[in-house]
Amino acid sequence: MQKLIQVIIERKTDLLLALWQHVQISIIALVIAMLIAIPLAIWVVRHRRFSEFFLQLTSILQTIPSLALLGLLIPFVGIGTLPAIIALVVYALLPIFQNTYLGISEIDPSIEEAADAFGMSSARKLFKVELPIAMPQIISGIRTALVLIIGTATLAALIGAGGLGTFIMLGIDRNDTSLLIIGAVSSAILAVTLSLVVRWFQSIKPIHAILAFLSLLLLIGSGSVYTTYYNRIENITIAGKLGSEPEILINMYKELIEDNDEHANVQLKPNFGKTTFLFSALQNDQIDIYPEFSGSVLETLVKGKVAKHQTAQETYDLAKNMLSKEDKLTYLKPMQYNNTYALAVTEKFKKENNLNNISDLAKINGLLKPGMTLEFIDRDDGMRGLQKAYGFKVSAKSMEPALRYEAINDGRINLVDAYATDSELKEYNLALLKDDKNFFPAYQGAPLMKTKFANQHPKVVKALNKLAGKISNQDMQEMNYAVNVKKEPAASVAHQYLVQHDLIKE
């Protein structure tokens, strides 16, 4: 409990920002869903032959897996808040539409007849009779939708929209229970609180409910306007993928840029998402710079088949040229370390089975119990291609990055994929098997940006090129260990390295 409180105190600013982002996304999505679902349900009540179609349609939309829906939206609307809101609206339609439709359609026919007998118009009957009677059921649908939205909105962190999901994703990535608890509990408290607020609206006079609701919208709108105005100031936005290593790097970028240009205003977006999300954000001017690996460029971001078994320099040169040619992007000089894929086993398992090279695994094929990330299992330069190159065949369990290390430490699995600079290799005393057939491509990190941005910001390019050829594999593994295991802030670790290597002054 003491550790949890300490983490909350240390991260209170980040928590408040994430909470505000979560509230904004959730309320905006709820309002849009209400504006679509309630009028549609009222119309369907008057045209009941369409009722089954719309009930089925909203039901089908809600069955689409949230991650799949976000992935489908990215090519059309990019990443960030917009696709998150669209996805949340889709999930909120069913409970609001269904409850509004049932609430009105199930009103006692004698009440409808009485209203008609008094000569009420359709609009007057709707607002004076039908909606007041159906309101408890409509509010119930809105509350259900709101709780659903708040829970699903945690996935917004995967596409750079922020929110409380940032804490959950960071907790999973760093195996930090405190961050997981903060994200999950905060989301649950927010859901209960806003659900009670919606219920309170039902208990007060309609005019007061309308005024309170408009005040809430004004507050959220003012925050959005302020954010939009603030973002008009020219900032340099640097994002990083999930994990300690990208966060360390972007903090180095920030310090180097600001040290080289006192007028630079750098904003960081750590744990922004996976490779394709960041690349899309860069192409759509949602961010200006992010660190990318040469192997990832050739495997994921550029078109066409790429030759295998290249040197690190050849891999970087090809990645740089193809990015420039295909996407008009500038790939700055790479750092020294090569964060390539690797296979790891415990020291005990290595000794018991006389393992040194990856090719040795073919001799103990029946003993292997691999646990690997889904990305590694599915990649051509991962498990799929590896088994062909080395001649062994096993079925690997798909696991979250942090969980696979826990599993091998507990003995539930005996082989994991790894990155050469992972802190867990040191933490759990794991041994890397030599890639004796040079299967894995080189993965050297370097800043990626638009060529237009690079031409407009020569001081930024000069500052970031100070990292060229710096940071060894050992350096990066030690820095990752400091963040993930010793729980030191990534910004402090980055600063210490830059000072120790005379890249900035103390």
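The lysines whose alpha-carbon is closer than 20 Å to the alpha-carbon of residue 452, local same-chain residues fewer than 8 away aside, are 254, 320, 325, 328, 333, 462.
Shown is the FRET efficiency for residue 357 and residue 488, computed with R0 = 30 Å from the Cβ-Cβ distance and rounded to the nearest 0.05: 0.30. Note on the chain: percent of Cα-Cα distances in each 10 Å bin, starting at 0 and stopping at the bin with the largest distance, equals 4, 16, 24, 23, 16, 10, 5, 2, 0, 0.
Taking every alpha-carbon pair under 8 Å whose residues sit at least 6 apart, the chain reaches a relative contact order of 15 percent.
Using R0 = 51 Å, the C-beta based FRET efficiency linking residue 324 and residue 135 works out to 0.25. Simple rule: put +1 on each Lys or Arg Cβ and -1 on each Asp or Glu Cβ in the chain, find the dipole, and look at 122, 79, 346; the Cα lying farthest toward the positive end is 122. Cα convex hull, region 385-488: 165 Å³ per residue, rounded to a whole number. Available extension along the chain between residue 35 and residue 116 is 26.5 nm, counting 0.36 nm per residue and deducting the alpha carbon span.
Checked against a 24 Å cut-off, the cross-linked pairs 303/434; 274/505; 12/269; 363/434 give Cα-Cα distances beyond that limit for 303/434; 274/505. Measuring spread by the Cα atoms of region 30-79 yields a radius of gyration and Dmax of 13.7, 38 Å. Against the empirical 2.2 N^0.38 Å (N residues), region 2-232 has a Cα radius of gyration ratio of 1.15. As an equivalent ellipsoid, region 49-105 spans semi-axes of 26, 11, 8 angstrom, where each value is the square root of five times an eigenvalue of the C-alpha gyration tensor, largest first.
Dividing the Cα radius of gyration of region 265-355 by its Kirkwood radius returns 1.09 for Rg/Rh. Each peptide among 154-163, 67-76 gets the average number of other Cβ atoms lying within 10 Å of its residues, and from highest to lowest they stand as 154-163, 67-76. Out of every Cα-Cα pair that region 324-446 contains, those further apart than 26 angstrom amount to 21 percent. Approximating the spin labels as points 7 Å out from Cα along Cα→Cβ, the residue 6-to-residue 309 distance works out to 5.2 nm. Phi-derived couplings, Karplus 6.51 cos²θ - 1.76 cosθ + 1.60 at θ = phi - 60°, listed residue by residue for region 25-42: 4, 5, 5, 4, 4, 5, 4, 4, 4, 5, 5, 8, 6, 5, x, 5, 5, 4 Hz, with x used for Gly and Pro.
Read the figures in this text as sums done on the coordinates, not as results from a lab. It should be emphasised that the depicted structure is a prediction, and the values quoted were computed from it without experimental measurement. Note that we place each Cβ from the backbone using ideal geometry, even for glycine, and neighbour counts take in every protein chain shown.
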